[in-house]
Amino acid sequence: MSWKLIVRAGPKVERSRYDRLEDALDALEARARELAQDAAGREIDLKFRRFEPVEQVVARIELSGPERLIPKVRAGVDVRGDGSTEAYLGHVKRDVVEPGKGDTTYRALRRALGAAGKSR
(Lines give C-alpha, C1' and ligand atoms only; values in the text may rest on other atoms or scores of the structure.)
Protein backbone atom coordinates (compact mmCIF):
# COMPACT_ATOMS: atom_id res chain seq x y z
CA MET A 1 0.00 0.00 0.00
CA SER A 2 1.28 3.43 -0.84
CA TRP A 3 0.27 7.08 -1.01
CA LYS A 4 -0.22 8.70 -4.40
CA LEU A 5 0.50 12.38 -4.99
CA ILE A 6 -0.77 14.10 -8.14
CA VAL A 7 0.30 17.66 -8.95
CA ARG A 8 -1.77 19.52 -11.55
CA ALA A 9 -0.23 22.85 -12.52
CA GLY A 10 -1.64 24.32 -15.70
CA PRO A 11 -1.52 21.63 -18.40
CA LYS A 12 1.20 19.64 -16.62
CA VAL A 13 0.46 16.62 -14.45
CA GLU A 14 3.08 14.99 -12.20
CA ARG A 15 2.52 11.71 -10.39
CA SER A 16 4.54 10.18 -7.56
CA ARG A 17 4.15 7.49 -4.90
CA TYR A 18 5.32 7.35 -1.28
CA ASP A 19 5.40 4.49 1.20
CA ARG A 20 4.65 6.68 4.22
CA LEU A 21 2.02 9.38 4.73
CA GLU A 22 4.63 11.68 6.31
CA ASP A 23 6.82 11.48 3.20
CA ALA A 24 3.85 12.23 0.95
CA LEU A 25 2.83 15.23 3.10
CA ASP A 26 6.41 16.55 3.08
CA ALA A 27 6.48 16.32 -0.73
CA LEU A 28 3.02 17.94 -0.97
CA GLU A 29 4.12 20.84 1.22
CA ALA A 30 7.39 21.39 -0.66
CA ARG A 31 5.70 21.36 -4.07
CA ALA A 32 2.81 23.58 -2.92
CA ARG A 33 5.21 26.17 -1.48
CA GLU A 34 7.17 26.18 -4.74
CA LEU A 35 4.01 26.63 -6.84
CA ALA A 36 2.62 29.31 -4.50
CA GLN A 37 5.83 31.30 -4.77
CA ASP A 38 5.63 31.19 -8.58
CA ALA A 39 1.87 31.89 -8.79
CA ALA A 40 1.28 34.77 -11.16
CA GLY A 41 -2.46 35.04 -11.42
CA ARG A 42 -4.06 38.07 -12.94
CA GLU A 43 -7.62 39.26 -13.12
CA ILE A 44 -9.76 37.66 -15.80
CA ASP A 45 -12.54 39.84 -17.17
CA LEU A 46 -15.32 38.04 -19.04
CA LYS A 47 -17.38 41.23 -19.38
CA PHE A 48 -20.20 39.73 -17.31
CA ARG A 49 -17.98 38.51 -14.46
CA ARG A 50 -14.49 39.17 -13.16
CA PHE A 51 -12.30 36.59 -11.54
CA GLU A 52 -9.69 37.94 -9.14
CA PRO A 53 -6.45 35.95 -8.66
CA VAL A 54 -7.64 34.69 -5.25
CA GLU A 55 -10.67 33.11 -6.99
CA GLN A 56 -8.52 31.16 -9.46
CA VAL A 57 -6.88 27.80 -8.75
CA VAL A 58 -3.54 27.76 -10.59
CA ALA A 59 -2.43 24.40 -9.18
CA ARG A 60 -3.98 21.49 -7.32
CA ILE A 61 -2.01 18.90 -5.37
CA GLU A 62 -4.01 15.76 -4.59
CA LEU A 63 -3.12 13.06 -2.07
CA SER A 64 -4.82 9.67 -1.97
CA GLY A 65 -4.19 6.36 -0.30
CA PRO A 66 -3.13 4.13 1.20
CA GLU A 67 -5.29 1.74 -0.85
CA ARG A 68 -4.73 1.78 -4.57
CA LEU A 69 -8.14 1.16 -6.16
CA ILE A 70 -10.51 2.77 -3.68
CA PRO A 71 -8.46 5.03 -1.39
CA LYS A 72 -9.86 5.71 2.08
CA VAL A 73 -8.16 9.09 2.22
CA ARG A 74 -8.45 11.83 -0.37
CA ALA A 75 -7.13 15.28 0.43
CA GLY A 76 -5.06 18.05 -1.06
CA VAL A 77 -4.10 21.67 -1.41
CA ASP A 78 -5.26 24.26 -3.93
CA VAL A 79 -2.81 27.00 -4.85
CA ARG A 80 -4.61 30.24 -5.74
CA GLY A 81 -3.55 32.84 -8.28
CA ASP A 82 -2.45 35.24 -5.55
CA GLY A 83 -0.14 32.61 -4.00
CA SER A 84 -2.46 31.69 -1.13
CA THR A 85 -3.21 28.04 -0.37
CA GLU A 86 -6.28 26.16 0.83
CA ALA A 87 -6.35 22.59 2.14
CA TYR A 88 -9.30 20.28 1.65
CA LEU A 89 -10.52 16.78 2.43
CA GLY A 90 -12.56 14.72 -0.01
CA HIS A 91 -12.60 14.25 -3.74
CA VAL A 92 -15.86 15.07 -5.47
CA LYS A 93 -17.28 16.93 -2.49
CA ARG A 94 -14.44 18.88 -0.93
CA ASP A 95 -14.52 20.09 2.66
CA VAL A 96 -12.16 23.00 3.33
CA VAL A 97 -9.74 22.45 6.21
CA GLU A 98 -9.62 25.71 8.14
CA PRO A 99 -6.25 26.44 9.75
CA GLY A 100 -6.38 27.14 13.46
CA LYS A 101 -4.92 30.23 15.02
CA GLY A 102 -1.20 30.31 14.19
CA ASP A 103 -1.49 27.26 11.90
CA THR A 104 -0.31 26.97 8.33
CA THR A 105 -2.40 25.31 5.63
CA TYR A 106 -0.04 22.35 5.70
CA ARG A 107 -0.13 21.90 9.48
CA ALA A 108 -3.95 22.05 9.36
CA LEU A 109 -4.00 19.33 6.69
CA ARG A 110 -1.62 17.16 8.73
CA ARG A 111 -3.83 17.62 11.77
CA ALA A 112 -6.96 16.74 9.78
CA LEU A 113 -5.29 13.58 8.49
CA GLY A 114 -4.02 12.67 11.94
CA ALA A 115 -0.41 12.84 10.85
CA ALA A 116 1.96 14.12 13.48
CA GLY A 117 5.17 15.71 12.42
CA LYS A 118 6.84 18.92 11.51
CA SER A 119 5.37 21.51 9.22
CA ARG A 120 6.84 24.93 8.64
>> Within 10 Å of each candidate Cβ there may be at most 16 other Cβ atoms; applying that plus a DSSP loop requirement, which GluC sites (Glu not before Pro) in region 2-65 survive?
In response: GLU43
> Remind me, relative contact order of the chain in percent, using alpha carbon pairs under 8 angstrom and six or more residues apart?
Replying inline: 22
> Lysine pairs in the chain with alpha-carbon atoms under 30 Å apart, 8 or more places apart or on different chains: how many are there?
Replying inline: 16
> Using only helices, what value at 222 nm comes out for the chain when you add -39,500 (n - 2.57) per DSSP H run of length 4 or more and divide by the total residues, to the nearest 500 deg cm²/dmol?
Replying inline: -7000 deg cm²/dmol
> Using a ≥ b ≥ c from the Cα gyration tensor of region 28-71 (square roots of the eigenvalues), is it rounded, prolate or oblate, where a/c under 1.5 gives rounded and otherwise the larger of a/b and b/c decides, a/b for prolate?
Replying inline: oblate
> By how many degrees, 0 to 90 and rounded to 10, does the Cα axis of helix 21-38 deviate from the longest principal axis of the chain?
Replying inline: 20
>> Let me cross-check SER16: its accessible surface, 1.4 Å probe, with only protein heavy atoms counted, in Å² to the nearest 10?
In response: 40
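The values are calculated or read from the model by the stated rules, or taken from the named source; none is laboratory data. For clarity, every value in this text was computed on a predicted model and none was experimentally measured. Ideal geometry is used to build each Cβ from the backbone, glycine not excepted, and the neighbour counts take in all protein chains shown. When the accessible area is computed, the model is the full protein with side chains, heavy atoms only, and any ligands, DNA or RNA have been set aside. Shrake-Rupley method; radii C 1.70, N 1.55, O 1.52, S 1.80 Å.
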